[in-house]
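Working notes, structure below.
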């Protein structure tokens, strides 16, 4: 993946947005600290200046100008002389004493605290220092000035501004780098999925999304995708199998049909023979159509798109009606067909498809049970859910073949002497799946017992639909 | 063969005018030929608009309409005709055989629905059935075919005055055949009308039911009423 792509990812954009929020909030925080601290320094300076003025005024009141001058001279040389400014001036602002060379013009007419850049001599050069000062008129026309150098505050401001600038710069740098790294890292995982899917699109259905084993959300996604791919592969191979079976099972009757017509054409013209051949051809075509219809029914059940036709269905009447349809057939074959109901079995079902499935089960049971046997259809309301069971005393299905018979076109009887297309149980299975029902093939000792077990229907829904 | 067999019978539908709306030329040609052989007078329209025009301007006794048509859907044609107050029976043909499609077809105003591929005999039987339905609007309490009588209210059946004991399903089966007396009723039609199933039971269970009914109503009488029409179905009719 190119670096440019990493910058275009959602992750990177998210990282940028996150970074912007983070920068804004830290700038606000530092700004507040700056504002609060520099305010505190200002207030401290004001207090110092006011305290000094009060002290000096007291000196003046006690000792007069001479006393004041002496104190000022002392203080101008004292350990605080570096950041404190003192000046006593005459009525025309002429300097009397103090550590300032002249009365600053900013303070000539103004009273109260004034902040201004003051030129001071540091060593042998002039420097403009931000100074906070206050002037006070003495009763005899003299003036007193007390000021404080705000260098400390300026330095603090510089330091804080520098810190803000640096921290923002570092945040930005780390944020961008981190965002880039995270998005590249995520992109690698996404790329793995993309590579797999394009591989699959290119025709290799065997490919799977790599799972890192970290158990994170990407692994979860990969596992889900792989499960889906497994399912698709299963369906595809099932489809291939069916297509192959369809091809085989359709080709046989079509070939027969074609051969019959061809032979008839070769034979000596004979109307009666022609009619017979045509009738046989129609019968064969009907069988092919019936097979197609059975496949369509299976497809219909498998599409699962019929959920709207599913309704709360009482199983006993449904089974009674089917049994009634097949009863003469069973009797004709010398079979005892009995119907039993245990409880009021109810399931959510598509009446039409379920009837067809039960019909197929009964049809099979009657077809494969030899004369003198019995076929029993039973509905039951069990703790596990409603059940429909069709049991016969026929040859049964060996345990190892029970799975196989559910597949399409599979018929255990190699000779295929009994009529049928090998789709009956496939339809039953498709219908069972569509209903979320279990299809159980068991040994009836002797014979086969097929059970359709439905999920329980909530009683509260009894009036729905 | 079936067509000629039906035609040689005195067909009350003989000479009735049918409009076939079907876009598949070859299928339409067979259909028209088959229907003509069976004694109908047949017109053919190959597109939806043509079909609708003919059906709204000419008097037809019945329509056979394909669902998928160029220009206009078959169901729309039927709906439009019904809105115009034209109530001739309509048989809808469709490549879609699912129950939902059947319901849609009947809701649109079709009288019967037949999924492709269909047997011509099936179409003929159903066409006859819908044609006949158009004529009898009265609710009946008694049915009679020859010397066979059915009392629908008392649920009793007699032949030549002799009571015949029928099971409920045999009664329903006979009622269906008697209501369509003189017509061919196919196995699929019986399965639909008597049992309300629209699927193909793999073994022909209907044959067994009919043969039981035949034993009860025809056994011991010299002239059988219930006939098997090869390749098509059954027909209950008065002996000639």
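For the list (1) more than 23 Å from residue B:17 (Cα to Cα); (2) assigned to a loop (DSSP other than H, G, I, E, B); (3) touching a helix residue (DSSP H, G or I) at 6+ places or on another chain (Cβ under 8 Å), I need the number of the one condition that residue B:154 fails.
That leaves (3) as the condition not met.
For the range A:291-306, which residues satisfy the criterion of being at the interface with chain B (Cβ under 10 Å from one of its Cβ atoms), outside any helix (DSSP H, G or I) and either in contact with a helix residue (DSSP H, G or I) (Cβ under 9 Å, 6 or more places away or on another chain) or modelled with pLDDT of 80 or more (or both)?
Of everything in the range A:291-306, just one residue is at the interface with chain B (Cβ under 10 Å from one of its Cβ atoms), outside any helix (DSSP H, G or I) and either in contact with a helix residue (DSSP H, G or I) (Cβ under 9 Å, 6 or more places away or on another chain) or modelled with pLDDT of 80 or more (or both), namely A:306.
Determine, yes or no, whether residue A:331 is surrounded by 15 or more Cβ atoms within 10 Å (Cβ to Cβ), free of Cβ contacts under 8 Å to residues at least 24 places away in the same chain, in a helix (DSSP H, G or I) and more than 7 Å from chain B (Cβ to nearest Cβ). Break it down into steps so the answer makes sense when it comes.
On the way: surrounded by 15 or more Cβ atoms within 10 Å (Cβ to Cβ): no; free of Cβ contacts under 8 Å to residues at least 24 places away in the same chain: yes; in a helix (DSSP H, G or I): yes; more than 7 Å from chain B (Cβ to nearest Cβ): yes.
No; evaluated as a whole, the condition is false for this residue.
Looking only at the range B:215-234, how many residues end up being in contact with a strand residue (DSSP E or B) (Cβ under 9 Å, 6 or more places away or on another chain) and either in contact (Cβ under 8 Å) with a residue 60 or more places away in the chain or under 15 Å from residue B:146 (Cβ atoms) (or both)? Explain how you work it out, then say what you get.
Start the filter on the range B:215-234 by keeping residues that are in contact with a strand residue (DSSP E or B) (Cβ under 9 Å, 6 or more places away or on another chain), which leaves B:216-218, B:220-221, B:225-229, B:232-234.
Among the residues that remain, those that are also either in contact (Cβ under 8 Å) with a residue 60 or more places away in the chain or under 15 Å from residue B:146 (Cβ atoms) (or both) are: B:217-218, B:220-221, B:225-227, B:229, B:232-233.
Residues that pass the stated criteria total 10.
Taking the condition of being loosely packed, with under 15 Cβ neighbours inside 10 Å and away from every other protein chain (no Cβ under 12 Å), how many residues in the range B:206-223 meet it?
Residues that pass the stated criteria total 4.
Could you please give the count of residues in the range A:349-378 that are within 14 Å of chain B (Cβ to nearest Cβ), assigned to a loop (DSSP other than H, G, I, E, B) and at pLDDT 90 or above? Even if it seems obvious, please write down each step before you answer.
First, pick out the residues of the range A:349-378 that are within 14 Å of chain B (Cβ to nearest Cβ): A:349-369, A:375.
From what's left, assigned to a loop (DSSP other than H, G, I, E, B): A:350, A:369.
Of the ones still in play, those that are also at pLDDT 90 or above are A:369.
Residues that pass the stated criteria total 1.
Spot the failing condition for residue B:201; the list is (1) within 14 Å of another protein chain (Cβ to nearest Cβ); (2) in contact with a strand residue (DSSP E or B) (Cβ under 7 Å, 6 or more places away or on another chain); (3) modelled with pLDDT under 90, and only one is missed.
Result: residue B:201 passes all but (2).
When you look at residue A:300, is it within 19 Å of residue A:436 (Cα to Cα) and without any contact (Cβ under 8 Å) to a residue 60 or more places away in the chain, yes or no? Full working, then the answer.
Details: within 19 Å of residue A:436 (Cα to Cα): yes; without any contact (Cβ under 8 Å) to a residue 60 or more places away in the chain: yes.
Considered against the rule, which asks whether it is within 19 Å of residue A:436 (Cα to Cα) and without any contact (Cβ under 8 Å) to a residue 60 or more places away in the chain, residue A:300 comes out as yes.
Only one residue in B:111, B:100 is without any contact (Cβ under 8 Å) to a residue 24 or more places away in the chain and within 14 Å of chain A (Cβ to nearest Cβ), so which one is that?
Values: B:111 fails: within 14 Å of chain A (Cβ to nearest Cβ).
From the options B:111, B:100, the qualifying one is B:100.
Given the criterion buried (at least 16 other Cβ atoms within 10 Å of the Cβ), at pLDDT 85 or above and closer than 30 Å to residue A:73 by Cα, identify the matching residue among A:144, A:118, A:107, A:138. Give the derivation first.
On the way: A:118 fails: at pLDDT 85 or above; A:107 fails: at pLDDT 85 or above; A:138 fails: at pLDDT 85 or above.
Of the residues listed, the single one that is buried (at least 16 other Cβ atoms within 10 Å of the Cβ), at pLDDT 85 or above and closer than 30 Å to residue A:73 by Cα is A:144.
Go through (1) within 11 Å of chain B (Cβ to nearest Cβ); (2) touching a residue at least 24 places away in the same chain (Cβ under 8 Å); (3) within 20 Å of residue A:367 (Cβ to Cβ) one by one and return the number of the condition residue A:309 breaks.
So the condition that residue A:309 fails would be (3).
Counting residues that are within 17 Å of the chain's Cα centre (by Cα), which helices (runs of 4 or more DSSP H) fully inside the range B:66-136 reach at least 3? Steps first, please.
On the way: elements: B:74-83, B:99-107, B:120-133.
Per the criteria, B:99-107, B:120-133.
Considering only residues that are assigned to a strand (DSSP E or B) and either touching a helix residue (DSSP H, G or I) at 6+ places or on another chain (Cβ under 8 Å) or free of Cβ contacts under 8 Å to residues at least 24 places away in the same chain (or both), which ones fall in the range A:312-328? Break it down into steps so the answer makes sense when it comes.
Of the residues in the range A:312-328, the ones assigned to a strand (DSSP E or B) are A:312-314.
A:312, A:313 - these are the residues of the range A:312-328 that are assigned to a strand (DSSP E or B) and either touching a helix residue (DSSP H, G or I) at 6+ places or on another chain (Cβ under 8 Å) or free of Cβ contacts under 8 Å to residues at least 24 places away in the same chain (or both).
Take the residues in the range B:79-124 that are out of contact with any strand residue (DSSP E or B) (no Cβ under 9 Å at 6 or more places or on another chain) and closer than 21 Å to residue B:27 by Cα, then tell me which one is surrounded by the most Cβ atoms within 10 Å (Cβ to Cβ).
It comes out as B:120.
For a quick check of your reading of the model, give me the residue pairs whose first member lies in the range B:192-203 and is part of a helix (DSSP H, G or I), whose second is surrounded by 19 or more Cβ atoms within 10 Å (Cβ to Cβ), with beta-carbon atoms closer than 7 Å and at least 6 apart or on different chains.
Correct list of pairs: B:194/B:173; B:195/A:325.
Can you give me the number of residues within the range A:93-133 that are within 20 Å of residue A:67 (Cα to Cα) and assigned to a strand (DSSP E or B)? I'd like the intermediate steps shown before the answer.
Restricting attention to the range A:93-133, the residues satisfying the condition of being within 20 Å of residue A:67 (Cα to Cα) are A:93-100.
Narrowing further to those that are assigned to a strand (DSSP E or B): A:95-98.
Here the count works out to 4.
Is one or more of the residues making up the range A:270-286 within 14 Å of chain B (Cβ to nearest Cβ), closer than 30 Å to residue A:352 by Cβ, surrounded by 15 or more Cβ atoms within 10 Å (Cβ to Cβ) and under 49 Å from the mean Cα position of the chain (by Cα)?
No.
With A:340, A:381, A:403 as the choices, which residue is away from chain B (no Cβ under 11 Å), in contact with a strand residue (DSSP E or B) (Cβ under 9 Å, 6 or more places away or on another chain) and without any contact (Cβ under 8 Å) to a residue 24 or more places away in the chain?
Matching residue, one of A:340, A:381, A:403: A:403.
The values are calculated or read from the model by the stated rules, or taken from the named source; none is laboratory data. Quick caveat, the model's predicted, so the values are computed rather than measured. FYI the Cβ positions are ideal-geometry reconstructions off the backbone, even for glycines, and counts take in every protein chain you see.
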